[in-house]
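What follows is one structure encoded as C-alpha cells, with my remarks underneath.
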Amino acid sequence: MAGFRIRGESPIELRAIPHPAVTVAVEFGDRPFDIHGAGGGMRSASLAAGLAFSAFQVRADGIECVQIRLSPLIAPPVLGLPLAELRGSVVTLDDLWGRDTPRLRERLHRARTWPERFALIDIELMTRLRAGKPVDPEVAWAWRQIAASHGQARVSDLAARTGWSRQRMWSRFGSQIGLTPKRAAMLVRFDHAIHRLACGHTPARVAADCGYSDQSHLNHDVRAFTGKPPTAAANEPWLAADDRAWPAHGGAA
C-alpha cells in the first residue's frame, strides 16, 4: 500500500506498468484522473486494474490517493468477482463496490494522517475478505509456487503435485486467477526482472539470473508487458513508489 500527494502548476502524467497483483487506486482529494490505455480512455476517482493489464497513462491536475496491490489470492473476495471477469482490463472501483466507493473516498478525505487512511483501507479490505469466497487451496498453492520461484517453476508439474488433472488445474487457475499458469509465470518472472533492472543490474545479468534463454528473450517480454525496452522500462516513475525497486523512496509520500 502506498500514499501519493502530488501537486503542481501543470497536470502530472504517470504510466502504470503490469504487476503480479491487482492494482487498486482510490483518489480522495476531489481530483479525478484521466486514464488512457489500449482499451480506450476514462475519467474516474478510482480504478481497479487486473493482472497483466496493458501499460496505461494516468493524467491528473494534482492527485491525493492511496494505491493498493492485492494478491490474486485475496483479490476475488475483496473485489467481489472472479479475476477471469476482470482479466487485464481497467475498471472504476465504483463499478465493483457501488456506493461504498464514494463513502470510502469521503472517509479518506476526512482522515488527517496517512496511517489513519491506511487503517481505513485495511478495515475495508478485511471486511470484504471475510465475507467473500477464497480461491481453491490447490490454486493458491500453485500461485505461491510460481511466485516463490520468481516465475521459474515448471508449470507442467503443478497439476501433478496437487493431484488434479492438467485440464482441471488450467481451468480452475484461469477462472480464479484470471491467467493461465504459463502466463502467470511470465508475469512474475517479468516483475522480478524489472526490479533487478531498476536496482541497476545489467540486462545480460538479469536475463541469465531470471531464467530467460538470452537477452533478446528478456527484451521481448519487457516490451510485451510495458511497450518499452528494458533500460527505459526500468526507469518508469510508477516503480518509484515500490519499496522493492527504490527502498529509499517507498511507502507513503
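The values are calculated or read from the model by the stated rules, or taken from the named source; none is laboratory data. Treat the numbers as computed from the prediction; the structure is a model and nothing was measured. Neighbour counts are summed over all protein chains in view; Cβ atoms, including those assigned to glycine, are modelled from backbone coordinates with ideal geometry. SASA here: full protein model, heavy atoms, side chains in, ligands and nucleic acids out. Shrake-Rupley method; radii C 1.70, N 1.55, O 1.52, S 1.80 Å.
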To the nearest 10 square angstrom, how much accessible area does residue 182 have with a 1.4 angstrom probe? 130
Added length on full extension, which subtracts the Cα-Cα distance from 0.36 nm per residue, residue 201 to residue 154: 14.4 nm
Run the simple label-point estimate for residue 216 and residue 5 please: 7 Å along Cα→C-beta, distance reported in nm. 5.1
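Please list the equivalent ellipsoid semi-axes of region 139-195, computed as the square roots of five times the alpha-carbon gyration tensor eigenvalues, in descending order and whole angstrom. Don't skip to the answer; put the middle values down first.
On the way: eigenvalues 74, 26, 13 Å².
In descending order, the three semi-axes are 19, 11, 8 Å.
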Roughly speaking, what is the centre-to-centre gap between region 80-154 and region 188-228 when only Cα atoms are used, to the nearest Å? 27
Below 12 angstrom from the Cβ of residue 171, what's the summed charge of the other residues (Lys, Arg +1; Asp, Glu -1)? +1
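For region 156-243, what's the relative contact order in percent, using C-alpha pairs closer than 8 Å and at least 6 residues apart? Working shown, then result.
On the way: 57 pairs, mean separation 15.9, N = 88.
Across region 156-243, relative contact order equals 18 percent.
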Rounded to the nearest 20 debye, what is the charge dipole size of the chain about its Cα centre when +1 sits on each Lys and Arg Cβ and -1 on each Asp and Glu Cβ? 520
If the elastic network links every pair of Cα atoms under 10 Å, which of 77, 229, 20 fluctuates the most in the Gaussian network model of the chain? 229
Please quote Rg/Rh for region 76-177 to two decimal places, taking the Kirkwood radius as Rh and restricting both calculations to Cα atoms. 1.09
Go through region 47-53 residue by residue and turn each phi into a ³J(HN,Hα) via Karplus (6.51, -1.76, 1.60, θ = phi - 60°); whole Hz please, and just put x for glycine and proline. 8, 9, 10, x, 4, 6, 5
Computed over the chain, the relative contact order (Cα-Cα under 8 Å, seq sep at least six) in percent reads 21
Among rounded, prolate and oblate, which fits region 60-128 when a ≥ b ≥ c are the square roots of the eigenvalues of its C-alpha gyration tensor, a/c under 1.5 means rounded, and a/b larger than b/c means prolate? prolate
Express the relative contact order of region 69-210 as a whole percentage, based on alpha carbon pairs under 8 Å and six or more residues apart in sequence. 29
Placing +1 on the Cβ of each Lys and Arg and -1 on the Cβ of each Asp and Glu in the chain, which of 145, 169, 235 has its Cα farthest towards the positive end of the resulting dipole? 169
Among 112, 130, 69, the residue with the largest mean-square fluctuation in a Gaussian network model of the chain built from Cα contacts under 10 Å is 112
Heavy-atom accessible area per residue - the chain, 1.4 Å, Å²: 48
Efficiency of FRET between residue 223 and residue 12 - r from beta-carbon atoms, R0 30 angstrom, step 0.05: 0.75
Work from the charge dipole of the chain (Cβ charges, +1 for Lys and Arg, -1 for Asp and Glu, about the Cα centre) and give the residue of 210, 159, 14 farthest towards its positive end. 159
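Summing -39500 (n - 2.57) over the DSSP H runs of n ≥ 4 in the chain and dividing by its residue number, what mean residue ellipticity at 222 nm do you reach, to the nearest 500 deg cm²/dmol? Please list the in-between numbers first.
Details: 12 runs with 116 residues, N = 253.
It comes out at -13500 deg cm²/dmol, rounded to the nearest 500.
Return the FRET efficiency for the residue pair residue 84, residue 144: r is the Cβ-Cβ distance, R0 is 22 Å, and the value is rounded to the nearest 0.05. Provide the component values of the computation, followed by the final result.
Values: r = 19 Å, r/R0 = 0.88.
In this case the efficiency is close to 0.70.
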